[in-house]
1. Which of the residues that make up segment 138-165 are under 21 Å from the mean Cα position of the chain (by Cα), surrounded by fewer than 16 Cβ atoms within 10 Å (Cβ to Cβ) and assigned to a loop (DSSP other than H, G, I, E, B)?
2. Within segment 6-62, how many residues are surrounded by fewer than 13 Cβ atoms within 10 Å (Cβ to Cβ), over 17 Å from residue 123 (Cβ atoms) and touching a helix residue (DSSP H, G or I) at 6+ places or on another chain (Cβ under 7 Å)?
3. Looking at segment 100-118, which of its residues are modelled with pLDDT under 85 and surrounded by 12 or more Cβ atoms within 10 Å (Cβ to Cβ)?
4. Which is in a helix (DSSP H, G or I) and either under 24 Å from residue 162 (Cβ atoms) or touching a strand residue (DSSP E or B) at 6+ places or on another chain (Cβ under 8 Å) (or both), of 24, 52?
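The values are calculated or read from the model by the stated rules, or taken from the named source; none is laboratory data. All values derive from a computational prediction rather than experimental measurement. Note that we place each Cβ from the backbone using ideal geometry, even for glycine, and neighbour counts take in every protein chain shown.
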C-alpha cells in the first residue's frame, strides 16, 4: 500500500514538473513570436521611410542633413538586434522622425500634399501597431520572467537554464510622459 502511494505521489510530482516545463516552453516561444511581430511592424515602418524622405525632398531640399540623419537612424534600427539595442535605435529613429514632421510644418504645400498625408496616415497606423505589439511582447515577457522566478517553477527553470528576457522599454520615459503641446 505504501509503495502504491509513493508511486502515485511520484507520478503526480513528475506530472507537475512536466506541466511547469511545458508552461515555460510555451511562454518562451510566445515571447519569441511576440518579438517577431514587433520586428515585422518595424520593418514595415522602415520600408515606408524612403517614400516619406522622397516626398519631403521635393519640398524641403535644404533640409538635407535631417533627411540624411533619418536615413541613418533607419539603418541603425534595421541593424539592431534584441529588445535593448532595438529600443535604443527606436528612440533615435522616433526623435529624428519627429524632427522631420516638425520641419514639414514649415511647408504648407508639403502638409497639403496627398502623398505626404497618406504616408503620415500609414506611419500613424504602423506606430499604433508597433505600440500594440510592444505592449503584448512586454506582457508575455513579464509572465515568462515571473514564471522563472516563482517557486516551484524556478527550480525547473534553473535546471533547464531558462533565462530572463529583456523588456522592450523606452529609454527616455520622462520625454514620452510629457503632455503633448497643442496650439491653435
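1. Kept after step one, since they are under 21 Å from the mean Cα position of the chain (by Cα), are these residues of segment 138-165: 138-146, 163-165.
So of that shortlist, the ones also surrounded by fewer than 16 Cβ atoms within 10 Å (Cβ to Cβ) come out as 139, 142-143, 146, 163-164.
Answer for segment 138-165, where residues must be under 21 Å from the mean Cα position of the chain (by Cα), surrounded by fewer than 16 Cβ atoms within 10 Å (Cβ to Cβ) and assigned to a loop (DSSP other than H, G, I, E, B): 163, 164.
2. Number satisfying all stated conditions: 0.
3. As a first pass, look at segment 100-118 and keep what is modelled with pLDDT under 85: 100-117.
Answer for segment 100-118, where residues must be modelled with pLDDT under 85 and surrounded by 12 or more Cβ atoms within 10 Å (Cβ to Cβ): 100, 101, 103, 104, 107, 110, 111, 113, 115, 116, 117.
4. Details: 52 fails: either under 24 Å from residue 162 (Cβ atoms) or touching a strand residue (DSSP E or B) at 6+ places or on another chain (Cβ under 8 Å) (or both).
So the residue among 24, 52 that is in a helix (DSSP H, G or I) and either under 24 Å from residue 162 (Cβ atoms) or touching a strand residue (DSSP E or B) at 6+ places or on another chain (Cβ under 8 Å) (or both) is 24.
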